[in-house]
Structures are given as C-alpha cells and as structure tokens.
Amino acid sequence: MSSESFANLCIFHIMDGLRDGLSHFSGASRAALVYAVNPEDPLHIYDPQDLLREHEPKLQEYYFESNEWRAGSAHDDSTRLIEVIPSRDLALAGLITCSARSSSIFYQCWFTEQHPDMCSTGPTESWMEYAAMLLSQDFATQNILRIDSSGHLLREYSTHAVRDFIVDQRNRIMGWDTQLRVYPILDAVLGISKTREEGAWAKGDLIFIEPSELDSIKYMAKFPENERPSLKNHKHVRKLLQSVENSSRKLVSDGRCVVGIASIGPTNNSISAFFKGDWGLLYLGGDPVCSFADAKFSSTNYKPNLVQLEEFLLEIDLTAEARHKLFQLIIRIIASANHRRHGCTLVLDFNDTPVEIAGQTLEEPLDLNQPEIRGLARSLTKLDGAVHICKDLKLHGFACLLDGKAVTGENRARGARFNSALRFTAKYDNLIVIVVSSDKPVSIIQHGVELTAHCEWKQMFSCVRTPPLLETWLQG
C-alpha cells in the first residue's frame, strides 16, 4: 500500500469513528478536516457530508487571505514526535473547531456541529483533540496492522472525553495537586443512576469535594470515618439519596465514600451529580458538563429545542412583548409536561379568525396573561387532545381533535398524536403545532412537515482517493 493510500485510510477511519461517536453523544453529527502534512504542502479538505458548505467566505479569508493559520509552527525543538500542540482555532458560527500541529502533520483543523441543546462544548473539544492526536500518531507510526483501531477508540470515547475535560478544567483552576479521581466518580454516577430503589429511579444531589476542603464544610450529619458508605456500593448510596430528595441538602463525597449530608453550594472545582429520575446532569463548579441516562453520558441538556418556533414567531405580526410572553408560556407548558411525564399537543393559531377545531369549546377564551389561568392551561394539556392557543394570548379550546388527509412523511412509529398533527398542519395555514412526547422529545410541525426532524446523512465509505485541495473545493 502506498503512503498516500495509507494516509487516506487513516483519515477515513478516524473521521468515521469521530463522527459515529459524536452522533451517539450529541445526536446526528458530521465532521470535517482541513490539513497539510508538511509546511510546504497545499491544504486539503475532507468534508464527505458537506459540513463546511456555506462557510466558504470565512474559509477563504482565513486560509488564503492571511497566514494566521501558519503561526506557531510545530516544527521546532519543543515538539515531540506525537505531541499535538493546540493552535489558534478557526471560529465558524454553529461549529466547534479544534486545530493542532505535530511533527508528523504540520497542520490539522477538525470541525463538527455545535448542537443547540449542548450542556457544554468541552467534552466534544476533548474528543476532537484526541482525534488529532490519533491521526498524528498513525501518520508517524505507519502501522498497517492498527489502521482501523483509532476509529474504534473514538467511537467509544464518550466517558473518556467527559473525564478529560473535567481533569483539564480542574487543573487550570487548582493545578495538579488534587486527590479526586474522576474515573471512579463517573463510574459511580452511572452506576447509581441505573440503580432503582423500590422501583424508583434516583433523585437528589451528590457533590464531590476535594478531600483537603472537607473540614471547612458545616455538616448536618457526618458519618464516622470507619463507617462511611463506599462510593462503589451503588445500592447503598442510592438508598442514602432518599435523605436528600426534593431538598437543598446534598450527599457529600470525597470521591471514595460518602462523608455526610450538608446544605452547600458548589465550589469552583467541585463535581456535582444531580439525579432527576431516569436521567441527570453532571456539573463542574456551577457549569453543566453533560447529562447521563441509560448508563451513558450525552451532551444534551434535556431542554426542548425551540429554535424553529423562535424563528417562526419572528415572522409573525406580534409585538415584542406578546412574542416574548407566548414563547415563555410555551416553554413552561412543555417543562410541565416533561416533569409530569405526559404527552401533549399545542396548536398555536396566528390567524385573525381562529381555525375551528372539534373539541371542548369555551363561552369565553381563557386569558393566559393571568397566572392562575396559565396554571389551568398546563393542567388541561393532560387531557386527550390538543390545546388551542391563539395570537391574542388566549386559550380557545382544549381536548381538540386534529384531523386531515393523509400526507407523505407520516411515521407509524410516532403514534396518533404526531401523525394527526402532520395531517392537520397540512390543511391549514398560519399555525404551528407542537407535539410533546411522554418520553421528552418535542416536535415542531408546520405545513405537514416536522421542522425538528433530523437529517439522515449519506453513508460514508472508505477514502482511498486523496481528499481535494481546499482551494479547488472552495471554487465549487
């Protein structure tokens, strides 16, 4: 195999592993790479799923109208064989970037999507740094026997990415002098999250404090040193969480065992796990890092993605105040449905004369500007059928039945609520329907189309041809 073909296969396997791993961690994700092996080589681009299309002007400016990307050459005495040195990133809207240099690859810049519901971009950035390191290592070793192993490592890197980000951040805050071991903490969080107590999932907060800071805490209850529950005993810790459920209290741990119970806030280097039933959030200090569910980590913050609704509202003839009130109302209704674990359907009608929908009508529409009426509206979403809300910020009906003719794009796996919304919106203009499933996904539907649907990207196959020159790619 030629060195060029070997390099192309290295890039493909690492790209495929990175893309697949990030897709499991953050939802469907694409990835792209811009690279030059030697300082005198032209830049090449590998973008099999057109992630960087529409960003051509910025790429042209950064790579061809300045030499900024060449600053900080890695070919100096401080660069070791496989060490990846971060360089200045190229910032593109909606994308996460990571650029690096090494002795085996003069320049590489990785790109992936920044999803709107991410807790933090940190783990993804760590993931991309690892991809850059593996590519540098594979280029340096030229070992044909391990050509696809880097891809396998990247596919299963989620826990390691979370750990790497937390360790890097804590080192920046407090240096290398730490006794908290992050891997056992992450193992314990996942183990506790999947352990039920009398059929119920874990709820409550568990905070991990640096051992040197434990004596400064004012405990409500503290366990003797020789009787502290081990963090490895997930069942025992799960039982103890019942003592802090639905309160400001937290279980305090030193990373090895549960020290006691206290009502404390996070420190700048503490790690906190907030168990919320069948899912939870992991924090570093006061900032979210990732979420966890089904014994794995992910980037989602479990907040509904309402970007399409915001864009739709901007096009509607409403005052800024009415637009804000309506958007906040929808957020609270969705949050209430998620908290109560029931599905619901909201019809947002922006016609001057509201659409007539079969269902429970009212003598007078309910004014949603009144707090008690907003509470009533949240309760009405529990009934079968849709809630009809109009642009006058009033609730015009509930338990509404949505009908219409069959349309393309129906999905029998999504149930009657979703497919009825598709049919109904195909029939009427100036309205949008929001479908909230009992298992949290939120769908925004207009004109018989789900605006929040995920694209199925084309299948990637092996890359045996050298990726095109960036200059040629920019010319279309």
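The table below lists the values:
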| item | result |
| --- | --- |
| Dipole of segment 193-323, positive direction: furthest Cα of Ser299, Phe274, His236, with charges on the beta-carbon | His236 |
| Pairwise label distance in nanometres, Ser149 with Gln242, each label 7 Å out on the Cα-Cβ vector | 4.8 |
| Segment 307-450: C-alpha pair distances exceeding 26 Å, % | 15 |
| Environment charge at Asn351 (Cβ cut-off 15 Å; Lys +1, Arg +1, Asp -1, Glu -1) | -4 |
| Residue (of Ala28, Ser438, Gln308) at the positive-pole extreme of the chain, dipole from beta-carbon charges | Ser438 |
| Interchain or long-range residues, amide H under 5 Å from Trp201's placed H | none |
| Taking Met118, Met128 and counting other C-beta atoms within 10 Å, the order from fewest to most | Met118, Met128 |
| Cα-centre dipole for segment 307-450 with unit charges at Cβ (Lys and Arg positive, Asp and Glu negative), debye to 20 | 740 |
| Label assignment, Cα extents along the principal axes in Å derived from the structure, set [x] 87, 51, 49; [y] 54, 52, 50; [z] 81, 69, 38 | [z] |
| Sites Ala320 and Glu225 - FRET efficiency at Förster radius 51 Å, r taken between beta-carbons, to 0.05 | 0.30 |
| For segment 320-329, Karplus couplings with θ = phi - 60° (6.51, -1.76, 1.60), whole Hz, Gly/Pro x | 4, 5, 5, 4, 5, 4, 5, 5, 5, 4 |
| Within segment 215-318, GluC sites (Glu not before Pro) in DSSP loop having at most 10 other beta-carbon neighbours inside 10 Å | Glu315 |
| Over the chain, relative contact order from alpha-carbon pairs under 8 Å, at least 6 apart, % | 14 |
| Percentage relative contact order, segment 179-268, counting C-alpha pairs under 8 Å, at least six apart | 36 |
| Listed peptides 354-362, 420-428 by packing density, highest first (mean Cβ within 10 Å) | 420-428, 354-362 |
| Within the chain, helix-based [θ] at 222 nm, where runs of 4 or more DSSP H residues each add -39,500 (n - 2.57), nearest 500 | -10000 deg cm²/dmol |
| Amide H within-cut-off set for Ser270, under 5 Å, with H built and near neighbours excluded | Gly285 |
| Cβ charges +1 (Lys, Arg) and -1 (Asp, Glu), total dipole of the chain, debye | 1920 |
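Coordinate-derived values only; no laboratory data. If you're wondering where the values come from, they're calculated on a predicted model, not measured in any experiment. Virtual Cβ from ideal backbone geometry, glycine too; neighbours counted across all protein chains shown.
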